[in-house]
């Protein structure tokens with residue numbers, strides 16, 4: 001079983017009103033889950049991490065016991081989150097450490113989770129969901 005997650009987060013101001021969005025697709029390319037959460041006033045980096053967490057937790061709930069055999073690819077335009085979650089960059093900021101730990105716990109539900117950076121243009125669906133969340137919170 002293979003799934004892809006396109007995740008994005010943003011804030012209007014940094015910090016400012018923030019939202020997280022993600023779309024999860026199965027191997028056939030069908031959307032099985034969408035995420036769009038207003039998360040209050042915070043930074044864009046927190047919103048990016050939250051998008052990944054919401055998507056991974058949601059997918060694990062959707063799959064139930066089958067999650068342990070699923071391979072997941074996460075695509076984001078946040079180089080910071082991709083590099084930190086891939087283990088290539090250290091997590092220095094104290095606010096990011098608990099979020100990264102939460103994401104790592106969520107990753108353990110699956111057979112494998114990989115992260116890849118994509119240009120912003122290729123992440124428009126997740127960006128739209130994050131912006132919808134910010135609009136709802138405004």
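Computed from the coordinates by the stated procedures, all read-outs in this text should not be read as laboratory data. Source: prediction; values computed, not measured. Here the Cβ is made from the backbone with ideal geometry for all residues, glycine too, and neighbour counts use every protein chain on show.
Observations
- Only helices enter the 222 nm calculation for the chain: every DSSP H run of n ≥ 4 contributes -39,500 (n - 2.57), and dividing by all residues gives -12000 deg cm²/dmol, rounded to 500.
- Order of 54, 110 - criterion: other Cβ atoms within 10 Å of each residue's Cβ, fewest first: 110, 54
- Each residue, residue 26 and residue 83, gets one label point 7 Å from its Cα in the Cβ direction; the gap between the two is 3.7 nm.
- Sorted fewest first by neighbouring Cβ atoms within 10 angstrom, 104, 96 come out as 104, 96.
- Antiparallel DSSP beta bridges within the chain, as percent of all bridges there, nearest 5: 60
- Mean separation of Cα contacts under 8 Å, 6 or more apart, over the residue count of region 2-137: relative contact order %: 35
- Percent of C-alpha pairs per 10 Å bin, region 29-138, short to long: 13, 47, 35, 5
- Cβ-Cβ distance of residue 12 and residue 62, R₀ of 30 Å, FRET efficiency by 1/(1 + (r/R0)^6): the value works out to about 0.50.
- Counting beta carbons within 10 Å around each of 62, 49 and listing the fewest first gives the order 62, 49.
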